[in-house]
1. Tell me which residues, restricted to segment 299-317, are assigned to a strand (DSSP E or B) and open to solvent by 10 Å² or more (accessible area, probe 1.4 Å).
2. Looking only at segment 234-258, which residues are under 16 Å from the mean Cα position of the chain (by Cα) and part of a loop (DSSP other than H, G, I, E, B)?
3. Failed condition for R315, given (1) within 25 Å of R184 (Cβ to Cβ); (2) touching a residue at least 24 places away in the same chain (Cβ under 8 Å); (3) in contact with a strand residue (DSSP E or B) (Cβ under 8 Å, 6 or more places away or on another chain), with all others met?
4. Quick check, is V22 among the β-branched types (V, I, T), in contact with a Leu (Cβ under 7 Å, 6 or more places away or on another chain), at pLDDT below 50 and not assigned by TED's automatic domain parsing to the domain that holds D201?
5. Go through the residues of segment 346-359 one by one and say whether even a single one is within 16 Å of the ligand (Cβ to nearest atom), open to solvent by 40 Å² or more (accessible area, probe 1.4 Å) and among the hydrophobic types (A, V, I, L, M, F, W, C).
6. Just for segment 207-229: of the residues that are small (G, A, S) and part of a strand (DSSP E or B), which one is most open to solvent (accessible area, probe 1.4 Å)?
7. Hey, among K171, K229, which residue is touching a residue at least 40 places away in the same chain (Cβ under 8 Å) and out of contact with any Cys (no Cβ under 7 Å at 6 or more places or on another chain)?
8. What's the number of the only condition in (1) within 16 Å of the ligand (Cβ to nearest atom); (2) farther than 23 Å from L245 by Cα that F365 fails to meet?
Amino acid sequence: MHTYLKIGLTLFALLCGFFFMVLAAVQGSAQPDKVVVHEENLVPEVADSAKKTHIVRVKSGDTTGSILSNLGFPATEAANIIQTSKAVYPLKNIHIGHEFIRIDSDNQVTLIYKINAKEQLVLTAKAGEGWAAKKENRQVSHLVNVVSATIQDSLFLDASKAGLADNLILKLVDMFAWDIDFARDLRKGDSFKVMYEESFDDEGKQEGYTILAATFTNRGRVFTGIRYKDKQGNIEYYNEDGRNLRKTYLKSPVKYSRISSRFRTSRKHPILGYTRAHRGVDYAAKTGTPIHAIGDGKIVYKGRKGGYGRFIEIRHNNGIHSTAYAHMSRYAKGMRKGKYVKQGQVIGYVGMSGLATGPHLHFEFRSRGRAVNPLKVKHKAAKPVPKDELSAFRLKAKEMMRLMSLFDHDDSWG
Ligand SMILES: [Zn+2]
């Protein structure tokens, strides 16, 4: 409900006339009241009631000792601080750009070191007592934005103009990559709308983007993705019916009688006689058995290729995987380089062209250009929303879509 509240408040801000909404919701532990920089005031004075705050950012050449000295701690006190920190986060280990904050109030001194975006070391010394150290979570603030655009030039250009960062555009592309071929299918007039959360640490440094929901209209077809975390903690994007936006590959490209040779890094070649690697799997099958593309993709090679004989290579839509099919007796009709094929589509027929002792399909699976064992590739299952969570998911999906729809009037606010 937290997110909805934020969005609700943000919507309110937007209705008040802000085009981009700005709203910080606070998580984690409390922070010192207010942080004010006093560059000139190296040794904070302890006032009776007001807090005094002093910040030092670690620079090249700084040591923990020199920083603590700058913050006004005498050498013995600095040694105590460093000793106390050891059990929680050793202050010997500091990084350029990270902040130290000293806060003096009437009865205690607090020293904070920002360990990373999520954690800080907090040391406190009450009047007349020694130092105590603990680790705390830092504040994270979120900003929820909804951005929509219609494609005039290119997705990247138009999305950038609409204010989306490059890595957010990539996330949007990843999300719909199984349904939309972004290299080929985009048309002028296609459009998208994305609702995303931007996170910041307590210094206002941007920590990243999370897409909460998005729609993409491609050649008149509308694709929807909603982020959902199930009870097991798995986070996936689903369409409104709870179908996973990711897809998996076919288990094998042919109906085979047996696997005649497995993937291995070296083996004795049956024809060439010497030992060489076998970077694929051989499926023995009768000549003429149809060979199916295991996933949607584009043919990047079609033709004879040395020992492979008649050969087709497909680059899959996710841009990471490619598959190769060798020793075909013939190609299916219409196969050519640059052609897009669908999962399950017949691309050719089993044979023994090239170097082969009998009819079989030699099949390779490449991930980022490297051959991997097709039988060992573990594709993350693209399961739908668990059945017992479907009604909860539908409610959430409906709410997300409703919130996004409230932003349909960008023209009047532009
Ligand atoms: Zn083979």
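1. Restricting attention to segment 299-317, the residues satisfying the condition of being assigned to a strand (DSSP E or B) are 299-304, 310-316.
Hits for segment 299-317 are V300, Y301, K302, G303, R304, R310, E313, R315.
2. N234, L245, R246
3. (2)
4. Spelling it out, V22 is indeed among the β-branched types (V, I, T), in contact with a Leu (Cβ under 7 Å, 6 or more places away or on another chain), at pLDDT below 50 and not assigned by TED's automatic domain parsing to the domain that holds D201.
5. yes
6. Per the criteria, the residue is G208.
7. Details: K229 fails: touching a residue at least 40 places away in the same chain (Cβ under 8 Å).
K171 is the lone residue from the list that is touching a residue at least 40 places away in the same chain (Cβ under 8 Å) and out of contact with any Cys (no Cβ under 7 Å at 6 or more places or on another chain).
8. In the conditions (1) within 16 Å of the ligand (Cβ to nearest atom); (2) farther than 23 Å from L245 by Cα, F365 misses (2) alone.
The values are calculated or read from the model by the stated rules, or taken from the named source; none is laboratory data. Please read these numbers as outputs of a predicted model, since none were measured by experiment. As a convention, Cβ positions derive from the backbone with ideal geometry for all residues, glycine included, and neighbour counts pool all protein chains shown. Side chains are part of the model used for accessible areas, which takes the heavy atoms of the whole protein and leaves out ligands, DNA and RNA. Shrake-Rupley method; radii C 1.70, N 1.55, O 1.52, S 1.80 Å.
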